[in-house]
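Some notes on the structure that comes next.
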Amino acid sequence: KTPVAILLSGRGSNATALIEACARPDFPARICLVLSNKPDAPGLDMARAAGLETVAIDHRLYKKDREAHERAVDAALQKAGAEVVCLAGYMRLLTPFLTTQWAGKMLNIHPSLLPVFPGLHTHERALDAGVRIHGCTVHLVTEGMDEGPILGQAAVPVLPGDTAEGLAARVLRQEHRLYPDVLRRYLTKSPASTPAEAALLVA
Ligand code: GAR
């Protein structure tokens with residue numbers, strides 16, 4: 001099993017989905033570390049309760065020096081023996097230091113069908129734009145925010161009368177399916193062979 005580290009900043013529901021997938025004997029990854037920039041992130045408590053190694057590296061202790069914070073994050077990743085990093089609600093802009101260090105080995109999940117709606121408030125923006133299909137994306141991390149080669153997407157229809165909360169909840173359910181599925185395909189180097197696999201389209 002490939003040692004994978006998870007970086008998170010909050011709730012950790014995607015981290016939970018990855019941890020549950022890794023608990024299956026036939027899944028090609030094991031979680032070697034769950035790291036947060038927020039010491040009080042609920043996701044850290046969840047990971048600790050699951051018996052996983054956790055560490056908090058509080059970005060506020062590094063003043064405005066983003067790279068110094070990332071050097072500490074990277075040292076923790078190396079120490080844990082991570083070979084792949086999954087960002088799961090890690091709400092920090094990364095500097096070229098970390099993106100270069102982990103080029104091709106760092107995945108992110110984002111709650112929109114990239115390249116539309118990078119950044120924050122994706123569900124509100126999807127509703128404002130009037131799109132009929134919304135969703136989520138797993139991609140390799142490069143220097144630009146929410147950019148980088150797309151590894152998989154799941155589509156979620158926007159329903160009449162949808163609220164941002166309702167839409168967010170339906171997208172989140174698909175995030176929890178998509179991320180483990182894409183990680184498995186990424187680690188086993190088995191690209192999706194059918195359109196249905198490539199885009200987990202929700203009816
Ligand atoms: C998820 O919806 C994830 O896609 C999003 O933050 C949420 C974290 O929830 N990530 C981004 O917006 C990254 N740009 P979680 O902590 O319950 O997994």
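The values are calculated or read from the model by the stated rules, or taken from the named source; none is laboratory data. Just so we're clear, the structure is a prediction, and the values are computed from it rather than from any experiment. So basically every Cβ, Gly included, is an ideal-geometry build from the backbone, and we count neighbours across all protein chains shown.
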* **Failed item in (1) away from the ligand (no atom under 16 Å from the Cβ); (2) buried (at least 20 other Cβ atoms within 10 Å of the Cβ); (3) outside any loop (DSSP other than H, G, I, E, B); (4) not β-branched (Val, Ile, Thr), with ALA5 passing the rest** => (1)
* Asked: Could you list, in sequence order, the residues of the stretch 80-116 that are of a type in the set (S, T, N, Q) and more than 15 Å from the chain's Cα centre (by Cα)?
  -> THR95, THR100, GLN101
* Within the stretch 112-133, identify whether any single residue is in contact with a Leu (Cβ under 9 Å, 6 or more places away or on another chain), assigned to a strand (DSSP E or B) and free of Cβ contacts under 8 Å to residues at least 40 places away in the same chain, and answer yes or no. => yes
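Residue by residue, here is whether (1) assigned to a helix (DSSP H, G or I); (2) surrounded by fewer than 20 Cβ atoms within 10 Å (Cβ to Cβ); (3) aliphatic (A, V, I, L, M); (4) modelled with pLDDT under 95 holds:
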residue: ASP40; (1), (2), (3), (4): no, yes, no, no
residue: VAL73; (1), (2), (3), (4): yes, no, yes, no
residue: ALA76; (1), (2), (3), (4): yes, yes, yes, no
residue: VAL85; (1), (2), (3), (4): no, no, yes, no
* **Count - residues of the stretch 103-134 that are within 16 Å of the ligand (Cβ to nearest atom) and either more than 22 Å from ALA15 (Cβ to Cβ) or out of contact with any Phe, Trp or Tyr (no Cβ under 9 Å at 6 or more places or on another chain) (or both)** => 17
* To do: Within the stretch 83-102, identify whether any single residue is more than 12 Å from the ligand (Cβ to nearest atom), closer than 16 Å to SER9 by Cα and in contact (Cβ under 8 Å) with a residue 40 or more places away in the chain, and answer yes or no.
  => yes
* When residues of the stretch 162-176 are limited to those that are touching a residue at least 60 places away in the same chain (Cβ under 8 Å) and of a type outside the set (A, V, I, L, M, F, W, C), the one surrounded by the fewest Cβ atoms within 10 Å (Cβ to Cβ) -> HIS176
* Only residues in the stretch 50-76 that are under 16 Å from LEU87 (Cα atoms) count as the first member; pair them with residues that are in a helix (DSSP H, G or I) and of a type in the set (D, E, K, R), Cβ under 6 angstrom, at least 6 apart or cross-chain, and list the lot. => THR54/ARG48
* Before we move on, is TYR179 closer than 14 Å to VAL84 by Cβ, within 14 Å of the chain's Cα centre (by Cα), surrounded by 17 or more Cβ atoms within 10 Å (Cβ to Cβ) and away from the ligand (no atom under 16 Å from the Cβ)? -> no
* Asked: Say we look at the stretch 136-146 and pick out the residues that are in contact with a helix residue (DSSP H, G or I) (Cβ under 6 Å, 6 or more places away or on another chain) and not in a loop (DSSP other than H, G, I, E, B); which of these is nearest to PRO96 (Cα to Cα)?
  -> VAL138
* To do: Would you please name the residue that is nearest to GLY10 (Cα to Cα), looking only at residues in the stretch 50-71 that are more than 21 Å from the chain's Cα centre (by Cα) and basic (Lys, Arg)?
  => ARG60
